[in-house]
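Novice: Got a structure for you, written out below as structure tokens; questions coming shortly.
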Amino acid sequence: MTAGLILAELGGQSLLAFHKLGLIHFLAGSDWDPVQDKFGALPFIYGTLVTSGIALLVAVPVSVGLALFLSEMGPKALRRPVAFGIEVLAAIPSVIFGLWGLFVLVPWLRDAVEPALQAVLGFLPFFDGPPIGLGYLAAGLILAIMILPTVASVTIEVLKTVPLPLKEGALALGATRWEAIRMTVLPYARPGIVGAALLGLGRALGETMAVTMVIGNAPEIHASLFAPGYSLPAVIANEFAEATGNVHVSALAALGLVLFGLTVLLNALAHLLIRAVSQGAPRGAP
Amino acid sequence: MKSLRWRKFVDRFWTVASGAGVVLALVPLLSLLWLVLSQGTANLSLSFFTHLPAPVGESGGGVGNGIVGTFLLVAIASAIALPVGIGAGVFLAEKGDGRVGDAIRFVTEVLSGVPSIVIGIVAYGLVVERMKRFSALAGGLALALLMVPTLARSTEEFIRLVPGALREASLALGVPKWKTSLRVVLRTAAGGIVTAVLLAVARAAGETAPLLFTSLNNQYWNLEPDQPTASLTVQIFNYAISPYEDWHHKAWTAALVLLLLVGLLNLLARVLSRNRMEAAR
């Protein structure tokens, strides 16, 4: 019940920064130099959005595939072990993901994946520059692994709510299993899957440790996914304890407020969508 | 209409594609577990649990203070979060049908989605700034804020599972309402609540981000709540991002210890909830 009061505290802390720096200046500025009291949030907002975007692009197809396999297509014997594996994945602390990312994922990206991508798609600006491993791509991929359990388990729940007669009807009319899924299950579950993706996005935006360890921590904006960047939670984690000067501290708190606003908005939207599905009557269900 | 052969091929294709999703999801998990096990056990010894961290270049040393610190932080967090979280859950289940209940439910829902690092800033503002120093208390408060929403929600759910007849029987015997809630309903739901508590504690023990600037770190043993405190997770982080090969090994070993701790708590929760389900049958 004291929860509400605590949120006010965060607002109070960061309002100070908005006041001193100017709201627009703060949000749109791309210079971050605490020594000279320059605080622009754009590199962090950019990094957060890019890495979360990569995470969604990777995690959603994999999760939907996994959920379909578990609930519709795969052999029943596999369901329990896979579901257990997903639960284990969800329980692993994020700092351990970061450790794994730093010593396994990053070298692999640097030595194998990024040179290969560059050889094939090097003409695109996204795959430009030296492949150093640390950067947006590594952060996005580790986020994808971390939000996978969230997206997959919610998707499985959503798929369970699809009325059986709908699918049986399609099958009775001679549809193959995949056709039945494509024409009845997926349209019915679509808003819920979008909701699951948004929940995953909310987690990805706020994830701190793993990202901090693999994103490279450079407050710059690059088009290339190989380049090191920074994210909102990462900069707070790295600088907050050592921040000197009130403006620095409250600028970091203001970044926290931006992050808070983003996640609250997303979570509210996600819950509304999931609720819409589980209460039935979605649009577009045949 | 496409030929039957084609349609069967497409069906087969998507079955395989969805199976690929399973493989893609499980490969990182297996790789991670394997590495933590193999790298972690390489340096595992009894002194790792009992000794203070060794300076760079010196062999030996452990994360004993980190283990103690994690327990201290979790204990502080539980002392704050259990009464508040369970209390809020009881309130929501018993009196939470009105507008107040909806508001609280909404707030807990929002709170549970707040990134842990933001919670850390709140704890910093509430405790560190006022006390003018980093402390275990601040870290514990941050963890408590993370635990409360999940605790409140699961407590409410478990209490709502208690059969109405049980409550009515107690009320019919003339037991006052508050006593019924406390002695009959809460006791019946206790098993489920214990499971929820274990899961929340496991989550809190694995949390790093809000501790970085609340409980900070400490090279020495500490049991004072008003002093900076080491924790397993922060130590893993510091070891991992250090440039020293030796410290990287320690990061893996500490990760193994943390994983065992978290895994044990999860396993316990699982066993408890299974026992309860079997008893209910």
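Novice: Please work out which one of (1) surrounded by 22 or more Cβ atoms within 10 Å (Cβ to Cβ); (2) in a helix (DSSP H, G or I) is the condition A:Trp108 fails and give its number.
Specialist: The one condition A:Trp108 does not meet is (1).
Novice: Then there's this: Conditions: (1) more than 10 Å from chain A (Cβ to nearest Cβ); (2) farther than 19 Å from B:Leu46 by Cβ; (3) surrounded by fewer than 17 Cβ atoms within 10 Å (Cβ to Cβ); (4) modelled with pLDDT under 90. B:Arg270 meets all but one. Number of the miss?
Specialist: So B:Arg270 meets the others, but not (1).
Novice: Kindly provide the set of residues from the stretch B:93-134 that are of a type in the set (Lys, Arg) and in contact with a helix residue (DSSP H, G or I) (Cβ under 9 Å, 6 or more places away or on another chain), ordered by number.
Specialist: Going through the stretch B:93-134, the residues of a type in the set (Lys, Arg) turn out to be B:95, B:99, B:105, B:130, B:132-133.
Within the stretch B:93-134, B:Lys95, B:Arg105 meet the criteria.
Novice: Take the residues in the stretch A:147-188 that are away from chain B (no Cβ under 14 Å) and outside any helix (DSSP H, G or I); name whichever of them is nearest to A:Phe84 (Cα to Cα).
Specialist: Per the criteria, the residue is A:Thr161.
Novice: What is the one condition in (1) part of a helix (DSSP H, G or I); (2) farther than 16 Å from A:Gly256 by Cβ that B:Phe134 does not satisfy?
Specialist: Among (1) part of a helix (DSSP H, G or I); (2) farther than 16 Å from A:Gly256 by Cβ, the lone unmet condition for B:Phe134 is (1).
Novice: Could you please give the count of residues in the stretch A:64-106 that are at the interface with chain B (Cβ under 9 Å from one of its Cβ atoms), without any contact (Cβ under 8 Å) to a residue 40 or more places away in the chain and closer than 17 Å to A:Val151 by Cα?
Specialist: Residues in the stretch A:64-106 being at the interface with chain B (Cβ under 9 Å from one of its Cβ atoms), without any contact (Cβ under 8 Å) to a residue 40 or more places away in the chain and closer than 17 Å to A:Val151 by Cα: 7 in total.
Novice: Within the stretch B:207-227, restricting attention to residues that are surrounded by fewer than 23 Cβ atoms within 10 Å (Cβ to Cβ) and facing chain A (nearest Cβ under 10 Å), which residue is nearest to A:Ala237 (Cα to Cα)?
Specialist: Among those residues, the one meeting the criterion is B:Leu216.
Novice: So which of B:Leu216, B:Leu256, B:Leu232, B:Leu223 ends up being at positive phi and either in contact (Cβ under 8 Å) with a residue 24 or more places away in the chain or of a type in the set (Val, Ile, Thr) (or both)?
Specialist: Numbers: B:Leu256 fails: at positive phi; B:Leu232 fails: at positive phi; B:Leu223 fails: at positive phi.
The match here is B:Leu216.
Novice: Can you find a residue that is part of a helix (DSSP H, G or I) and more than 30 Å from B:Pro115 (Cβ to Cβ) anywhere in the stretch A:131-146?
Specialist: Initially, the stretch A:131-146 is screened for residues part of a helix (DSSP H, G or I), giving A:136-146.
Those still in the list that are more than 30 Å from B:Pro115 (Cβ to Cβ) too: none.
No: zero hits.
Novice: Can you run down the residue pairs with Cβ atoms below 8 Å, 6 or more apart or on separate chains, where the first is in the stretch B:188-207 and under 14 Å from B:Ser273 (Cβ atoms) and the partner is charged (D, E, K, R)?
Specialist: The qualifying pairs are B:Gly191/B:Arg276; B:Gly192/B:Glu157; B:Gly192/B:Arg276; B:Thr195/B:Arg276.
Novice: Of the residues B:Leu72, B:Leu52, B:Leu46, which single one is exposed (fewer than 13 other Cβ atoms within 10 Å of the Cβ) and closer than 24 Å to B:Gly206 by Cβ? Break it down stepwise before answering.
Specialist: On the way: B:Leu72 fails: exposed (fewer than 13 other Cβ atoms within 10 Å of the Cβ); B:Leu52 fails: exposed (fewer than 13 other Cβ atoms within 10 Å of the Cβ).
After applying the criteria, what remains is B:Leu46.
Novice: Restricted to the stretch B:96-150, and to residues that are within 17 Å of the chain's Cα centre (by Cα) and polar (S, T, N, Q), which residue is farthest from the other protein chains (Cβ to nearest Cβ)?
Specialist: The selected residue is B:Thr150.
Novice: Test A:Leu173 against the stated conditions and say whether it is out of contact with any Asp or Glu (no Cβ under 6 Å at 6 or more places or on another chain), farther than 23 Å from A:Leu134 by Cα and either surrounded by fewer than 19 Cβ atoms within 10 Å (Cβ to Cβ) or among the hydroxyl-bearing types (Ser, Thr, Tyr) (or both). Explain how you work it out, then say what you get.
Specialist: Working: out of contact with any Asp or Glu (no Cβ under 6 Å at 6 or more places or on another chain): yes; farther than 23 Å from A:Leu134 by Cα: yes; either surrounded by fewer than 19 Cβ atoms within 10 Å (Cβ to Cβ) or among the hydroxyl-bearing types (Ser, Thr, Tyr) (or both): yes.
Against the criterion (out of contact with any Asp or Glu (no Cβ under 6 Å at 6 or more places or on another chain), farther than 23 Å from A:Leu134 by Cα and either surrounded by fewer than 19 Cβ atoms within 10 Å (Cβ to Cβ) or among the hydroxyl-bearing types (Ser, Thr, Tyr) (or both)), A:Leu173 qualifies.
Novice: Working carefully through the options B:Ala77, B:Ala25, B:Ala81, B:Ala93, find the one that is part of a helix (DSSP H, G or I), within 14 Å of chain A (Cβ to nearest Cβ) and in contact (Cβ under 8 Å) with a residue 12 or more places away in the chain. Break it down into steps so the answer makes sense when it comes.
Specialist: Values: B:Ala77 fails: within 14 Å of chain A (Cβ to nearest Cβ); B:Ala25 fails: in contact (Cβ under 8 Å) with a residue 12 or more places away in the chain; B:Ala93 fails: within 14 Å of chain A (Cβ to nearest Cβ).
Among B:Ala77, B:Ala25, B:Ala81, B:Ala93, only B:Ala81 is part of a helix (DSSP H, G or I), within 14 Å of chain A (Cβ to nearest Cβ) and in contact (Cβ under 8 Å) with a residue 12 or more places away in the chain.
Novice: Taking A:Phe123 as meeting all but one of (1) closer than 30 Å to A:Val158 by Cα; (2) aromatic (Phe, Trp, Tyr); (3) part of a loop (DSSP other than H, G, I, E, B), write down the number of the exception.
Specialist: Here A:Phe123 clears every test but (1).
Novice: Can you tell me which residue within the stretch B:39-65, out of those that are under 25 Å from the mean Cα position of the chain (by Cα) and part of a helix (DSSP H, G or I), is farthest from the other protein chains (Cβ to nearest Cβ)?
Specialist: The qualifying residue farthest from the other protein chains (Cβ to nearest Cβ) is B:Thr50.
Novice: Are any of the residues in the stretch B:241-255 buried (at least 22 other Cβ atoms within 10 Å of the Cβ) and in a loop (DSSP other than H, G, I, E, B)?
Specialist: Among the residues of the stretch B:241-255, not one is buried (at least 22 other Cβ atoms within 10 Å of the Cβ) and in a loop (DSSP other than H, G, I, E, B), which makes the answer no.
The values are calculated or read from the model by the stated rules, or taken from the named source; none is laboratory data. Nothing here was measured: the structure is a model prediction, and the numbers come from that model. A quick note on method: Cβ atoms are made from the backbone with ideal geometry, for glycine too, and the neighbour counts reach across all protein chains shown.
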